[in-house]
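What follows is a short report on a single structure.
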Amino acid sequence: MEEIRFKILDTLTRDLSSGTSINELTGNIGKLYNSAHYTAYYKTIYDKIHELEKQNIISLAKIGNVSIPRINFDNYLTIDFLTEMELRKKQTFLEKNTETGMLFLEIETYFKEFYFIKSISIIDPEKNIKLNRAEFLFILNGLYEHKEKPGLQEAIQNEIAQIYSIMEMLQRIHNIKLDYLILNKKEFTELLKREETNPLKEMLSNKVAFFAPQAFWVDIKTILSEGIQIKAIEETNPAKIAEQDLIYNLIRFGYKEFGPRIKEGKKICIETIITSLLLRNNARRIQIIPTLLAKNRYNYNSLIFLCKKYNKLEKLFGLIRGLNKIKPSTETETAIKMIEAMGIKEEKIDEKSIKQKMELYNAI
């Protein structure tokens, strides 16, 4: 794939719901590729975009006198171009970080026979590898949704547990911190639909789909065809959430403290809020985590991902075990199974105090 076409596609796919002009796109390419003089290439980019429009890879929408380029997913061949783009991104990254090649090879070798894995992406690889860590997104196929098929759910859960176990093994072998979010297709779609920020939304603007990239882009095409927007969102650090936003979201999820009325804040997913509570080490607030989990729907794989990423998985494990003793559920039992597959040891908790909190907030 020629250089300029690659850079145009790479930049456009980082924010699929944006409405940037060709001029703004030129500036974004310059920022992405660290070239202060990229505006000098405006005509080259302009001509290439119109060439891609003729090939139906890009569509141009007119807003006043401004042309807005977007990826044209209606063209069957667009997926192939995006697959080629991902393979080039993978090659470029591994050329700069040759020691990571063995990790990629082992991941592909271990998981190539896994029936339910659709695609695997590495997230913000350049930044994370400098910190001796790597972050991954696993997307599982849609068979996960067919609960009526006997034994299917158990087979899927067993495969997910194996993913957790293998990734922990690779972490030990390569002496690198590995964090990974595992979602089925339904969860992937639902998280992108949500108004609130969540770790999935924060991942998609800077990723390399290195395992089955074509399947990844087919999923994205399907989601966009349903009218779901995929916007570039900055990562939320749970340790740095403003107190006002934290309290606002706790109220959203059914927990209110005494004090002044809080104005509407930034909507943040429950998994990130719980991770924030764990990071702040406020014992009183940590005790309400089982109450929040009992009163709200949550994605246990997202919660496990965040707590592992921020080194709070042992504490979460203790809280989930305590919750399951007080109010058993399929979700908590499955979460326990996944954490056990990682070889994590739980931190002990005060079950009596947690039960009292749950009773106070009608969570039992």
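A short reminder: the numbers here are calculations on the coordinates, not readings from a lab. Quick caveat, the model's predicted, so the values are computed rather than measured. Cβ: placed from backbone, ideal geometry, glycine included. Neighbour counts: every protein chain shown.
Checking every one of the trypsin sites (Lys or Arg not before Pro) in the range 77-125 against DSSP loop status and a limit of 11 other Cβ atoms within 10 Å picks out Lys112.
Applying the Karplus relation 6.51 cos²θ - 1.76 cosθ + 1.60 with θ = phi - 60° to the range 155-162 yields 3J(HN,Hα) values of 4, 5, 4, 5, 5, 4, 4, 5 Hz, where x marks Gly and Pro.
Going by the alpha-carbon gyration tensor, a ≥ b ≥ c the square roots of its eigenvalues, is the range 78-225 rounded (a/c under 1.5) or, if a/c is not under 1.5, prolate (a/b greater than b/c) versus oblate? Oblate. Based on every Cα atom in the range 3-71, Rg and the maximum pairwise Cα distance Dmax equal 11.0, 30 Å. For the chain, excluding the exposed loop sites themselves (GluC sites (Glu not before Pro), DSSP loop, at most 10 other Cβ atoms within 10 Å), the longest remaining stretch covers 3-112. Once you charge only the Cβ atoms, +1 for Lys and Arg and -1 for Asp and Glu, what is the size of the charge dipole of the chain about its Cα centre, to the nearest 20 debye? Dipole of the chain, to the nearest 20 debye: 1220 debye. Annotation: amide H of Asn184 within the under-5 Å range of Leu140, sequence separation 5 or more or interchain, hydrogens built in the peptide plane. Mean shadow of the chain, computed from the convex hull of its alpha carbons, in nm²? Quarter of the Cα hull surface area: 20.6 nm².
Taking each of Lys315/Lys352; Lys263/Lys357; Lys127/Lys186; Lys177/Lys315; Lys48/Lys112; Lys201/Lys308 in turn, the alpha-carbon distance tops 27 angstrom for Lys127/Lys186; Lys48/Lys112. Here Lys96 is the anchor, and the aspartates and glutamates within straight C-alpha reach of less than 13 Å, apart from those fewer than 8 places off in the same chain, are Glu126. Relative to one another, the C-alpha centroids of the range 95-117 and the range 214-277 are positioned 31 Å apart.
Excluding same-chain neighbours fewer than eight residues apart, the lysines reachable from Lys43 by a Cα-Cα span under 18 Å are Lys7, Lys31, Lys54.
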